[in-house]
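The values are calculated or read from the model by the stated rules, or taken from the named source; none is laboratory data. Because the structure is a prediction, the values reported are computed rather than measured. Using ideal geometry, Cβ is built from the backbone for each residue, glycine included, and neighbour counts are taken over all protein chains shown. The area values use the complete protein model at the heavy-atom level, side chains included, leaving out ligands, DNA and RNA. Shrake-Rupley method; radii C 1.70, N 1.55, O 1.52, S 1.80 Å.
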Amino acid sequence: MKYIDYKKYPELFAKKLGISKEALELYFDCEVIDPHTVSYIWKRVFGYDLEKKHKYRPFGIGFLNQVDFPKTLEANMAGVVWDITTNPLHHEKNRLEIIRRNIDSILSDLNKNSDNFQFVRTYADYLEARKNNKVASWISIQGGQGIQNNVDDLDKIPEVHRITLVHFTHSKIGVSNFETKKNEGLSSFGKNFVEKMIDNKIMIDLSHINRKGFFNALDIIPKDIPVSVTHSGIKGVFDIWRNIDDEQIKAVAERNGSIGIIYEPRFLTISPSQCTTYDVLDHMEYVIKLVGDDHVTLGSDYDGFINTPKDLKDITYQPIFVQKMLERGWSAERIKKIMGLNFLRVIKDTNG
């Protein structure tokens, strides 16, 4: 696999990104983790080859080429969560089989590239992968309706570390925040689904779910189990349907959970074409001022039909975040938390 090991050429990397040596050194010292990367949907749809380094696509094309295996290595990622996105058009009885096939496809790719990538599920697995100098690679599902035929089907996907309860479409579990059914929360099946996830030590991701379902889930989850909102914006910065409010932020923080800030400009600012990494940091800063810096993480949604801020062409440009954080006067300790340690804490407290 061809890629540039930028740790050997830090001056070249810093020049490419237009950042300081200090920022790049700090970035290299972080455990950088992306909790939500959706590139595998395009392997299924278009045959997107994650083993090939893809060129940047200009003009705001909001999918493909943001992440692949070579760029992941160039970005010096410590860990990536590879998401399987549910296709709501598949018949319910076939969905478990499809999910299993997709899991096996990811495992096969990781095995073929085992010199650089290692499948993980738990915090202990993560530590082993890092000891082996490999990119820790979790598998998750976006849209619990991918296995909504029977809650016991959760026993048949032991590799999955996290499930986003709902995605954009209505399901037997609950209602998306994209829908208008504000007074409908988790169904009885959905509540059983959450309980089974807890039993199986699967992280519960409350991105995309409507507000009532969000708090229905929290009523079920024991208070010592953290939850995650892996990719969202903040209503207090930009008030739209996709973002979460102060009460939701506080509820996640009270459970020692984490909130990942999405990179999609339409969810960050009223002027998407002018969006930069500064706008992502505005949302992070709001969370920090409200509940402290232990509860915010990266939350890209790379390759998830999103555009990215104009100074963040793909995953290799992430050190720019550290430069902008330093310019805000954020400490190295805070930056390390946001870049990966906060998410790792949630992994440790959820999956063991």
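Miscellaneous remarks
- Residue in the stretch 240-253 that is at pLDDT 95 or above and closer than 15 Å to THR350 by Cα present: yes
- Qualifying residue in the stretch 262-283 (condition: open to solvent by less than 30 Å² (accessible area, probe 1.4 Å), within 17 Å of MET339 (Cβ to Cβ) and in contact with a Cys (Cβ under 9 Å, 6 or more places away or on another chain)): yes
- Residue in the stretch 211-223 that is in contact with a Cys (Cβ under 6 Å, 6 or more places away or on another chain) and over 27 Å from LYS156 (Cβ atoms) present: no
- If you filter the stretch 163-176 down to residues that are assigned to a loop (DSSP other than H, G, I, E, B) and within 18 Å of the chain's Cα centre (by Cα), you find that the one that is surrounded by the most Cβ atoms within 10 Å (Cβ to Cβ) is VAL166.
- A single entry from ILE84, ILE99, ILE139, ILE106 fulfils the requirement of being part of a helix (DSSP H, G or I), open to solvent by less than 20 Å² (accessible area, probe 1.4 Å) and under 18 Å from LEU50 (Cβ atoms): ILE106.
- Members of the stretch 204-228 that are more than 26 Å from THR37 (Cα to Cα) and either among the aromatic types (Phe, Trp, Tyr) or part of a helix (DSSP H, G or I) (or both): LYS212, ASN216, ASP219, ILE220
- Qualifying residue in the stretch 194-202 (condition: free of Cβ contacts under 8 Å to residues at least 24 places away in the same chain and not in a helix (DSSP H, G or I)): no
- Take the conditions (1) in a loop (DSSP other than H, G, I, E, B); (2) surrounded by 15 or more Cβ atoms within 10 Å (Cβ to Cβ); GLY146 misses just one of them, which is (1).
- Residue match in the stretch 211-231 (condition: out of contact with any Ser or Thr (no Cβ under 8 Å at 6 or more places or on another chain), among the polar types (S, T, N, Q), in contact (Cβ under 8 Å) with a residue 40 or more places away in the chain and open to solvent by 40 Å² or more (accessible area, probe 1.4 Å)): no
- Qualifying residue in the stretch 121-132 (condition: over 22 Å from SER228 (Cβ atoms) and either at pLDDT below 95 or crowded, with 19+ Cβ neighbours inside 10 Å (or both)): no
- Residue pairs meeting the criteria (Cβ under 9 Å; at least 6 apart or on separate chains; first within 17 Å of ALA75 (Cβ to Cβ) and in contact (Cβ under 8 Å) with a residue 12 or more places away in the chain, in the stretch 112-137; second in a strand (DSSP E or B) and open to solvent by 40 Å² or more (accessible area, probe 1.4 Å)): ALA129/PHE119; ALA136/PHE119; SER137/PHE119
- If you check TYR48, TYR56, TYR40 for being of a type in the set (Phe, Trp, Tyr), at pLDDT below 95 and either closer than 17 Å to LEU326 by Cα or touching a strand residue (DSSP E or B) at 6+ places or on another chain (Cβ under 9 Å) (or both), only one passes: TYR40.
- Test result for GLU184, acidic (Asp, Glu), open to solvent by 50 Å² or more (accessible area, probe 1.4 Å) and either modelled with pLDDT under 95 or in contact with an Asp or Glu (Cβ under 8 Å, 6 or more places away or on another chain) (or both): yes
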